Amino acid sequence: MTSTQQRAALQRQIWAIANDVRGAVDGWDFKQYVLGTLFYRFISENFARYIEGGDDSIHYAQLQDGVMTPNIKDDAIKTKGYFIYPSQLFANLAASAHTNESLNSDLATIFATIESSANGYPSERDIKGLFADFDTTSNRLGNTVKDKNTRLAAVLKGVAGLDFGDFDGSHIDLFGDAYEFLISNYAANAGKSGGEFFTPQHVSKLIAQLAMHKQTHVNKIYDPACGSGSLLLQAKKHFDAHIIEDGFWGQELNHTTYNLARMNMFLHNVNYDKFNIQLGDTLIEPHFGDDKPFDAIVSNPPYSVKWIGSDDPTLINDERFAPAGVLAPKSKADFAFVLHALSFLSSKGRAAIVCFPGIFYRGGAEAKIRQYLIDNNYVETVISLAPNLFFGTTIAVTILVLSKHKTDTTTQFIDASGLFKKETNTNTLTHAHIEQIMQAFDSKANVEHFAQSVPFEKVAANDYNLSVSSYVEARDTREVVDIAELNAELKITVAKIDRLRADIDAIVAEIERDEA
C-alpha cells in the first residue's frame, strides 16, 4: 500500500469511527472527544518513544510508575513539556477501557495530571487547559456513568485500532494528517461556524506561499486569528523547519478552538518551545506586542464582524490604528485586522490576509484606510479568488498581500476567480492553480484578463478603489456570432414557417369544405 493509499484508508476509517461512536450526539458537539482522544494517543506514543530513546529492549508502557525518578521526570518535562507515567499511557487505558467502571473519572484524573505536570516549567502555559473541552462528565456522552463509559470506551477502542505504523517521521505525519482531516470534515459539516476555525488546506497553501515568498528565513510566522492553526502549519508543511527560526505564533478568541490549535501544533511535532498560541481578542487585547515584528503573517480573520471601534475613544490612539487616522467601522472589523497585521509586520516581511471583498470598494472609513495603505505603498497585491472555496460561505473572497519593502509604487491585481476545480459541495484550488497565481505574483508581469500591475496615480485617481475587477478586464466568454450567417439561417427558417403556415391553411380549408 502506498503512503497515499494508507492515508486515504486511515481517513476513511477515522471518519467512520467518529460517526459510529457519537450515536445521536451532533458531530460538531462530539468533535472534542474524537480529536482529544487522537491527541491523547499521540502524546502518549511520542512520550514513550522519547523515554525509550530508540532502545528496543525498553517498553515504557510495561514499566512500573515507581521507576520514574524525580530527575527523569524533570528532564522529560524540560524537553517534552509534560510528563506521562506508564500507567497513564493511552495504550494501557485503552486496553482495559471496556471493563473499567471508572473510565470517565480515570480519564479526567489522567488529563489533569498531564496538565499539572508542567506547572512551574516554561511549558506551563502551552499545556494548561489542553483537555478542558474533553468533559468526561458531560451528558452528551450519556445520562449515566455506565453510558458515558461505554461511549468513551468505544472512542478509545476506535482510535487504538488506527494503524499508524512505527513511531517515526511518517507516523507523525499520519497523525497530523488524520487530525487535519478530522477538523476539515467537522468544519465542512458545521455550516457557517466551520469556516471560523479552519481554512481549507488548498487555500492555506496559497496564503503560506504568498507570505513566505522568496524568504530564505523568517524570525517567526504569526496568525492574529489563528483558528485551529491550519494556516500556520501549512507554512511548516511547505518550507524547511530551519527557515522559520523562532516558530509559530497565534492568537485565538474561541476557547475550544484555541485548544484545538495547541493540540494541532503538538500533533505536527512542533515542540512547546517552538509555538506560542494565546487566548484572547486580538483587536482589543492583543498579545505579542513585545515580540513583534514578524517576518511572515498569515490570516483568515472573521468577515465583517462587529467590534467596539469608535465606542472606545482610546483606540484611535492605539499604535496599530492611529497612523490611518480612522478606525474600521463598528459593524465591519475587517480593516481593523488588516491594520493590526500591518503594525506587527517587519520591514522585510509580508502579510497575506483573506478579506471580505466589500472592503475594497466601500466608502467612508474604509476608503480612508485604503488611501492610507496605498499612499504609504503597503499594498503589494490584491487577488480575487473563486466563490465557494471556504467552509460556511460561498462568497468569492479576496487575498490582500501587504509588504513594507516594495521597490516601486505599483499595485498588482490578480483575477484568479476562474481558477478552481469543482468538487461535490465546494470548489478547490489545485496545485496548478496555485502555481499559476504564484508565477504571476513573482513576475508582476501584465497578463491579459488575469494580472495587471497598476501605477499609484491610476489607483489614486480611481478613489483608491482596490477591487480587482476595476483593473483587470474580464475575459469575454460570449460566443462570437456571424451576423451574415445568422441572417441566412433566419431567412431559411422564415421560409419554412411560411410553407408550414400555407400547408396548415390548405388543410383547414379542405376540412371546412368537407364539413360544408
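The values are calculated or read from the model by the stated rules, or taken from the named source; none is laboratory data. Since this is a predicted model, take the numbers as computed values, not measurements. All Cβ positions, even for glycine, are placed from backbone atoms using ideal geometry, and neighbour counts span all protein chains on display. With ligands, DNA and RNA removed, areas are computed over all heavy atoms of the protein, side chains included. Shrake-Rupley method; radii C 1.70, N 1.55, O 1.52, S 1.80 Å.
Remark: spin-label model distance N139-K292 equals 4.5 nm, labels positioned 7 Å along the Cα→Cβ axis.
Estimated at 0.36 nm per residue, the fully extended path between T393 and A108 surpasses their Cα-Cα distance by 98.9 nm.
Would you mind putting 135-142, 285-292 in packing order, based on average other-beta-carbon counts within 10 Å, highest first? Walk me through the numbers before you get to the answer.
Details: 135-142: 16.4, 285-292: 13.5.
Order by mean packing, descending: 135-142, 285-292.
Just want to confirm a number: the relative contact order over the range 296-335, from Cα pairs under 8 angstrom separated by 6+ residues, in percent. Computed value for the range 296-335: 51 percent relative contact order.
Please tell me which of these pairs span more than 30 angstrom C-alpha to C-alpha: K421/K444; K306/K368; K31/K73; K220/K422?
Numbers: K421/K444 25 Å; K306/K368 19 Å; K31/K73 32 Å; K220/K422 35 Å.
Check vs 30 Å cut-off fails for K31/K73; K220/K422.
Direction-averaged projected area, Cα convex hull, the range 320-473: 9.2 nm², rounded to one decimal.
Tell me what the chain gives for mean residue ellipticity at 222 nm when only DSSP H runs of n ≥ 4 count, each as -39,500 (n - 2.57), the sum divided by the residue total, rounded to 500 deg cm²/dmol.
Working: 16 runs with 225 residues, N = 516.
So the helix-based figure for the chain works out to -14000 deg cm²/dmol.
Distance distribution note for the chain: the fraction of Cα pairs above 29 angstrom is 58%.
Element breakdown for the chain at a 1.4 angstrom probe: carbon and sulfur atoms account for 50% of the accessible area.
Projecting the Cα atoms of V379, P455, L429 onto the dipole axis of the range 348-487, where Lys and Arg carry +1 and Asp and Glu carry -1 at the beta carbon, places V379 farthest toward the positive end.
Each Lys and Arg adds +1 at its Cβ and each Asp and Glu adds -1 at its Cβ; summed about the Cα centre, the chain shows a dipole of about 600 debye.
How large is the charge dipole for the range 206-310, taken about the Cα centre, if only the Cβ atoms of Lys, Arg (+1) and Asp, Glu (-1) carry charge, to the nearest 20 debye? Spell out each step's value before the answer.
Working: 8 positive and 11 negative charges, 65 e Å.
So the magnitude is around 320 debye.
Of the two radii for the range 1-130, the radius of gyration is 1.00 times the Kirkwood radius, both from the alpha carbons; that is the Rg over Rh value. Taking every DSSP beta bridge that has both ends in the chain, the antiparallel portion is near 50%. Solvent-accessible surface of the chain, averaged per residue with a 1.4 angstrom probe and all protein chains in place: 46 square angstrom. Protection proxy ranking of 84-94, 115-125, by the mean of other Cβ atoms within 10 Å over each peptide's residues and highest first, is 84-94, 115-125.
Charges were assigned to the Cβ only: +1 to each Lys and Arg, -1 to each Asp and Glu. The resulting dipole of the range 28-100 about its Cα centre is roughly 220 debye.
The range 92-107 and the range 313-376 have Cα centres spaced 52 Å apart.
With r as the distance between the Cβ atoms of T428 and D514 and R0 = 56 Å, compute the FRET efficiency 1/(1 + (r/R0)^6) and round to 0.05. Please report the intermediate quantities before stating the final value.
Numbers: r = 68 Å, r/R0 = 1.22.
The computed FRET efficiency comes out at 0.25.
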